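Have a look at the structure below, then the notes.
The values are calculated or read from the model by the stated rules, or taken from the named source; none is laboratory data. Worth saying up front: this structure is predicted, and the values here are computed from it rather than measured. Positions of Cβ are generated from backbone atoms using ideal geometry, with glycine treated the same way; all protein chains shown enter the neighbour counts. What goes into the accessible areas is simple: the full protein's heavy atoms, side chains included, and nothing from ligands, DNA or RNA. Shrake-Rupley method; radii C 1.70, N 1.55, O 1.52, S 1.80 Å.
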Amino acid sequence: MQYRRRPLVLFSMLGALSLSLSLTGCKKDSAPAGQEPGAGAKPAAPAEVGELNLLIFPDYIDEKIVKEFEVQTKAQVRLTRYDSTEEMESKLAYAGADSQYDVVIMASQILPRMVRRGLVRPLEHAQIPNLKNLEPRFSGPGFDDGNKHGVPYQWGTVGIVYNKKKLPSFDPSWSSLLDPQKPAGTFVLLDEQRDMLGSVLKYKGYSSNTTNANEIREAGRVLKDVKKHPKCLGFKGGVGAMEDVRAGSVDMAVVWNGDAQKQIEQDKERLAFVIPKEGSVIWVDVMTIAAKAPHPELAHKFINHVLTPENGAQLSMYTKYASPNAVAQGKLPEGDRTNTLIYPTKEVSDRLEHHRDLGEAAKVFDEVWTEVKSQ
């Protein structure tokens with residue numbers, strides 16, 4: 001089995017709900033949120049008895065955690081991977097697909113919309129006793145109404161990874177990529193709607209959660225202009241973008257901090273990751289259960305399995321993202337607990353903004369993102 005991935009600072013806003021696609025090139029678009037895949041797309045194969053169907057970002061779970069669950073439950077775990085929130089929503093919304101998956105890992109800001117669409121089911125807390133291990137900020141009434149539909153999985157930030165040897169005088173600013181007059185080198189953009197548009201909004205001095213249509217459209221214009229630049233090599237998910245920088249095929253990329261950290265640990269002399277001085281966004285990914293999950297009891301067992309202190313620590317050691325599991329944090333190596341790329345300092349945290357559910361305003365983000373990807 002192969003696993004590949006994608007995706008709080010302190011939740012000063014407990015009510016905040018806080019999240020990638022293969023290289024599309026500057027001209028290729030992805031399906032907008034909620035839209036069914038093209039005519040050639042097919043729903044997942046029917047689930048088998050004793051099989052847990054997990055819909056998840058690439059490289060986002062340690063095989064050890066999965067294998068241990070399979071041994072304990074005598075069930076087989078089948079992974080379906082997706083590279084962006086838009087792709088995930090399309091997969092789950094495809095006719096009958098909500099009866100094909102059990103556990104779905106998704107960005108928390110999309111969860112309210114998925115609930116409104118009837119694509120996820122309420123959780124049975126009695127079947128998830130390890131909920132008690134979550135930090136209070138992730139389990140109180142301010143987070144998904146007390147984890148009614150989602151359980152925090154991992155959280156992190158968005159920034160720029162770059163090659164220090166190619167860009168020794170790198171300016172830690174979004175303008176290093178987004179100003180058409182200033183690209184310091186070749187780059188790829190992050191193929192994730194709210195994370196990428198949110199980063200552009202921070203660059204322009206706006207809230208990443210703005211509901212002002214003019215501000216959202218201005219962010220879209222910035223992306224449409226920069227994607228035409230010869231140094232822009234398209235949109236990619238976090239893993240693919242990070243691999244390009246590591247391989248030297250691009251000089252910098254917008255990525256999630258965990259993807260960057262995993263590679264920086266292996267090449268500290270050449271690679272670096274920064275949160276731009278204009279600020280950035282924070283995402284939280286959650287575990288949910290599909291509305292018509294074929295194995296809801298097994299799904300609850302899996303969520304509870306991930307929430308054990310040992311597995312919570314193992315997960316974060318693997319992904320290099322921050323854990324919402326308070327007990328698990330105590331089992332992390334000191335190098336991870338004190339790593340400011342994983343757990344940002346207060347000075348950096350003050351420049352970050354949590355994703356929120358935007359209600360009807362999310363439609364403007366959808367429209368703008370579709371225009372960006374299609375033009």
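Of the residues Glu86, Glu68, the single one that is at pLDDT 90 or above and not in a loop (DSSP other than H, G, I, E, B) is Glu68. If you go through region 165-218 and keep only what is in contact with a Leu (Cβ under 7 Å, 6 or more places away or on another chain), assigned to a loop (DSSP other than H, G, I, E, B) and open to solvent by 10 Å² or more (accessible area, probe 1.4 Å), you end up with Pro183, Ala184, Thr186, Ser207, Thr210, Thr211. Count of region 242-261 residues, restricted to those that are small (Gly, Ala, Ser) and surrounded by 20 or more Cβ atoms within 10 Å (Cβ to Cβ), is 3. For Asp195, the stated conditions do not hold, so it cannot be described as of a type in the set (D, E, K, R) and over 22 Å from Phe365 (Cβ atoms). Sub-6 Å Cβ pairs linking a first residue in region 255-267 that is assigned to a helix (DSSP H, G or I) to a second residue that is open to solvent by 40 Å² or more (accessible area, probe 1.4 Å), at least 6 apart or interchain, are Asn257/Leu341; Gln261/Leu341; Gln263/Arg246, ordered by first then second residue.
Going through region 262-285 one residue at a time, which ones are of a type outside the set (D, E, K, R), more than 14 Å from Tyr162 (Cβ to Cβ) and open to solvent by less than 20 Å² (accessible area, probe 1.4 Å)? I'd like the intermediate steps shown before the answer.
The initial filter retains those residues of region 262-285 that are of a type outside the set (D, E, K, R), namely 263-264, 266, 271-276, 279-284.
If we keep only those that are more than 14 Å from Tyr162 (Cβ to Cβ) too, we end up with 266, 279-284.
Those that are of a type outside the set (D, E, K, R), more than 14 Å from Tyr162 (Cβ to Cβ) and open to solvent by less than 20 Å² (accessible area, probe 1.4 Å): Gly279, Ser280, Val281, Ile282, Trp283, Val284.
Filtering Val226, Val239 for residues that are of a type in the set (A, V, I, L, M, F, W, C) and surrounded by fewer than 22 Cβ atoms within 10 Å (Cβ to Cβ) leaves a single hit, Val226. With respect to the conditions (1) open to solvent by less than 10 Å² (accessible area, probe 1.4 Å); (2) touching a helix residue (DSSP H, G or I) at 6+ places or on another chain (Cβ under 7 Å), Lys301 lacks only one, and its number is (1).
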